[in-house]
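J.: Next up is a structure, given as structure tokens.
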Amino acid sequence: MTASESPREGERIAKLLARAGIASRREVERMIAEGRVKLNGEVLTTPATVLKNLKGVTVDEKPVKAAEPTRIFVFHKPSGLITAERDPAGRPTIYTALRNALPEDAGRVMPIGRLDFNTEGLLLLTNDGELKRAMELPSSGLPRTYRARTFGDITQAQLEELIEGVEIDGVRYGRIDANMERRTGRNQWIEVTITEGKNREVRRVLEHLGLEVSRLLRTRYGPFQLFDLPRGQAAEIRQAEVERFRRALLGGTGTEVELSAPQQARARIARATPRRPDAPKRDAAAKPAQRRPDPRKPDGRKAEARKPEGRKPEGRKPAPRKPDGRRPEGRKPGPRK
């Protein structure tokens, strides 16, 4: 192996900044092109710059801190909010609601994917730009489940045809799992699971079938579910679960970030905190109790039951007998109790 072929030491700056929660890789590349990223006071011109760490790196003249442990928050987004930091039209954004929903030490978080202005439900937030990008890619195959309230005529057979995908206005939508939940007249609730997450995919597919969507609620993204989280509230996923998921998705460690003493204490408290009463319980029937195998003799027969040793159980004392073994005269055995 020549010197030019030797493995590089470090990572590209776009990946490092994304991991530090500055922005996604694509957004970091845009920042570099705009001259907003510097190294030791000099403007960087390419996102291919390889660094061992972020020492001396600034974004908008502000030093970049080392990456913190990955955090994921589940947020119940109400309808009527834009999934963006700011809106040119002046409409309220998710960050308006997040001011009171997130803990004070949450830091800067980014939405994983988007929900339309009128779409509500599960919205994931993270401080890890690399994880954000990986979860948004259609190649990740992470399922997104929605519940749609619709009006119109539709059958389960028509919904099942979507399993092969559908093409609408030149756009090909992949596998879609759709099932009728309940129906009242021409109104029905339909559960839809997709894996690509294209722009307005669920609404466009259902409208293509002649349905009018009056409400759309996302209930699941990958392994994370909304459950009974109140609207406008947020909850943090346990650190151990986040690390397991990140390793499984990205295929690497990526989370071996040294925790500070306060962070370690918070992690211990989180592990010791009992689950909420309304949290789903583990199914006790999922793992049946195992019976101990019967002890057997070498010839395969069952071993005789061993009588317990030690003191005999207390009970009725036996009647006294004569030396020849007969019962004393005048005493008849009483009935058994």
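The values are calculated or read from the model by the stated rules, or taken from the named source; none is laboratory data. Here the structure is a predicted model, which means the values were calculated and not measured. Here the Cβ positions follow ideal geometry from the backbone for every residue, glycine too, while neighbour counts run over all protein chains shown.
J.: Considering each of GLY165, GLY141, GLY129, GLY152 in turn, give the residue that is closer than 11 Å to LEU206 by Cα and either assigned by TED's automatic domain parsing to the domain that holds VAL192 or of a type in the set (Val, Ile, Thr) (or both).
T.: Details: GLY165 fails: closer than 11 Å to LEU206 by Cα; GLY141 fails: closer than 11 Å to LEU206 by Cα; GLY129 fails: closer than 11 Å to LEU206 by Cα.
Answer to the selection: GLY152.
J.: Next question. Kindly indicate whether any position in the stretch 13-28 is modelled with pLDDT of 85 or more, assigned to a strand (DSSP E or B) and on the phi < 0 side of the Ramachandran plot.
T.: So far as the stretch 13-28 goes, no, none of its residues is modelled with pLDDT of 85 or more, assigned to a strand (DSSP E or B) and on the phi < 0 side of the Ramachandran plot.
J.: Here is a further query. State which residue is nearest to PRO103 (Cα to Cα) when the search covers only the stretch 62-76 and only residues that are in a strand (DSSP E or B) and touching a residue at least 60 places away in the same chain (Cβ under 8 Å).
T.: Within the stretch 62-76, the subset in a strand (DSSP E or B) is 62-63, 72-76.
Among the residues that remain, those that are also touching a residue at least 60 places away in the same chain (Cβ under 8 Å) are: 72-76.
Values: ILE72: 12, PHE73: 10, VAL74: 12, PHE75: 12, HIS76: 15 Å.
For the stretch 62-76, the residue satisfying everything is PHE73.
J.: Kindly list the number of the only condition in (1) in the same structural domain as GLY185 (by TED's automatic domain parsing); (2) modelled with pLDDT of 95 or more; (3) not small (Gly, Ala, Ser) that fails for PHE245.
T.: Answer for PHE245: the failing condition is (1).
J.: Identify the residue in the stretch 35-61 that is without any contact (Cβ under 8 Å) to a residue 12 or more places away in the chain and surrounded by 11 or more Cβ atoms within 10 Å (Cβ to Cβ) and, among all such residues, is nearest to ASP128 (Cα to Cα).
T.: Restricting to residues being without any contact (Cβ under 8 Å) to a residue 12 or more places away in the chain and surrounded by 11 or more Cβ atoms within 10 Å (Cβ to Cβ), the top hit is LYS55.
J.: Still on this structure, I have one more. Of everything in the stretch 81-92, what is exposed (fewer than 13 other Cβ atoms within 10 Å of the Cβ) and either under 24 Å from the mean Cα position of the chain (by Cα) or at pLDDT 95 or above (or both)? Give them in sequence order.
T.: GLU85
Residue-by-condition table, conditions (1) over 22 Å from the mean Cα position of the chain (by Cα); (2) at pLDDT 95 or above; (3) of a type in the set (Val, Ile, Thr):
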| position | (1), (2), (3) |
| --- | --- |
| ASN179 | yes, yes, no |
| ILE194 | no, yes, yes |
| VAL202 | no, yes, yes |
| VAL213 | yes, yes, yes |
| TYR221 | no, yes, no |
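J.: Among the listed residues GLU120, GLU130, GLU160, GLU104, which satisfies the condition of being free of Cβ contacts under 8 Å to residues at least 12 places away in the same chain and of a type outside the set (Ser, Thr, Tyr)? Outline the logic, then answer.
T.: Numbers: GLU120 fails: free of Cβ contacts under 8 Å to residues at least 12 places away in the same chain; GLU130 fails: free of Cβ contacts under 8 Å to residues at least 12 places away in the same chain; GLU160 fails: free of Cβ contacts under 8 Å to residues at least 12 places away in the same chain.
After ruling out the rest, the residue left standing is GLU104.
J.: State whether the residues of the stretch 145-152 include one that is modelled with pLDDT under 95, within 22 Å of the chain's Cα centre (by Cα), surrounded by 16 or more Cβ atoms within 10 Å (Cβ to Cβ) and among the aromatic types (Phe, Trp, Tyr). Give the derivation first.
T.: Keep residues of the stretch 145-152 that are modelled with pLDDT under 95, which gives none.
No, there is no match, as no residue in the stretch 145-152 is modelled with pLDDT under 95, within 22 Å of the chain's Cα centre (by Cα), surrounded by 16 or more Cβ atoms within 10 Å (Cβ to Cβ) and among the aromatic types (Phe, Trp, Tyr).
J.: If I filter the stretch 109-119 for residues that are in a loop (DSSP other than H, G, I, E, B) and among the small types (Gly, Ala, Ser), do I get at least one hit? Outline the logic, then answer.
T.: Residues of the stretch 109-119 in a loop (DSSP other than H, G, I, E, B): 109, 113-119.
When the remaining residues are screened for being among the small types (Gly, Ala, Ser), the result is 113.
There is at least one residue in the stretch 109-119 that is in a loop (DSSP other than H, G, I, E, B) and among the small types (Gly, Ala, Ser).
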